[in-house]
Amino acid sequence: MSVMRIGILGTGNVGQALASAWARAGHDVVVGSRRPDDPELRTRLRELTAEGVRIDSSAGAAAHAEVLVNAAPGTASVALLRTIGAPALTGKVILDVGVGFLEDGTLSHPVVSLGEEIQEAFPGTPVVKTLCTIDRKVMVAPDSLEGPGTVFLSGDDTAAKKTVRGLLADLGWSDDALLDLGGIATARGQENFALLFMGIATATGTYEFGIRVVLPG
């Protein structure tokens, strides 16, 4: 495994889970926050820093990164990336896990996906959409499920997808669990699955489940 410099935008549950898992896998991880020096934030993230994860500003995390993970709220992601700026993002890969919800529980990107909006806003930075169809715990522990699940990838850049596949492998996802859907426009399907995800979670009483694409025998 080659060590990669990973920046993560977002200090919520998803960002923390991914940061911890990739740090344990040996990667060099920086988490970006709009208030990196806030004592309350640093107390909340002390387990991460004990694992070697560093806390910086959003711009600092982006400057550090070869791969920048968007784990910020989907409704704020594009605006946050614009504060960092296209020149600072050029040549990097954006791994986008974001899904935007409005206050009434509907999707903020029902027609054109967040992944597409990010790609359009930053054409010099390849975007790969993945991991947004599963819970944070399953993201980093695929073997916690009784059977194998499927994780999807959407993006226009083949090399960027290869990089992301490697990082997914470091989370424990086998290559045959990864399904490349095609270009970034296919991120619409991944993000709209969030509505079905919430329905399944309500019906089963848990967020810790996966889905599996089953082909004819």
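The values are calculated or read from the model by the stated rules, or taken from the named source; none is laboratory data. None of these values were measured; they are calculated from a predicted model. Please note that ligands, DNA and RNA were not included when accessible areas were found on the heavy atoms of the full protein model with its side chains. Shrake-Rupley method; radii C 1.70, N 1.55, O 1.52, S 1.80 Å.
List of remarks:
- Accessible heavy-atom area order of Ser144, Ser57, highest first, probe of 1.4 Å: Ser144, Ser57
- Over all distinct Cα-Cα pairs of the stretch 80-217, the Kirkwood formula returns a hydrodynamic radius of 15.7 Å.
- Net length gained if the chain between Thr158 and Ile200 were fully extended (0.36 nm per residue, minus Cα distance): 11.9 nm
- If you take the Cα centroid of the stretch 28-45 and the Cα centroid of the stretch 64-101, the two points sit 17 Å apart.
- Average projection area in nm² (convex hull over Cα atoms of the stretch 1-145, one quarter of hull surface): 9.2 nm²
- Gyration tensor (Cα) of the stretch 113-165, equivalent ellipsoid semi-axes in angstrom: 25, 12, 8
- For Asp96, nonlocal amide neighbours, meaning residues 5 or more places apart or on other chains whose placed amide H falls under 5 Å from its own, are Asn70, Val128, Lys129, Thr130.
- Note on the chain: GNM, Cα springs under 10 Å; of Gly26, Gly205, Gly15, the largest mean-square fluctuation is that of Gly205.
- Carbon plus sulfur fraction of accessible area for the stretch 155-217, probe 1.4 Å, in percent: 60 percent
- Note on the chain: helix-only mean residue ellipticity at 222 nm, from DSSP H runs of 4+ residues weighted -39500 (n - 2.57) and normalised by residue number, equals -11000 deg cm²/dmol.
- Between the amide H of Ile211 and those of Thr150, distances stay under 5 Å, these residues lying 5 or more places away or on another chain, with hydrogens modeled in the peptide plane.
- Segment Glu120-Glu47, extension gain: residue separation times 0.36 nm, minus the distance between their alpha carbons: 22.7 nm
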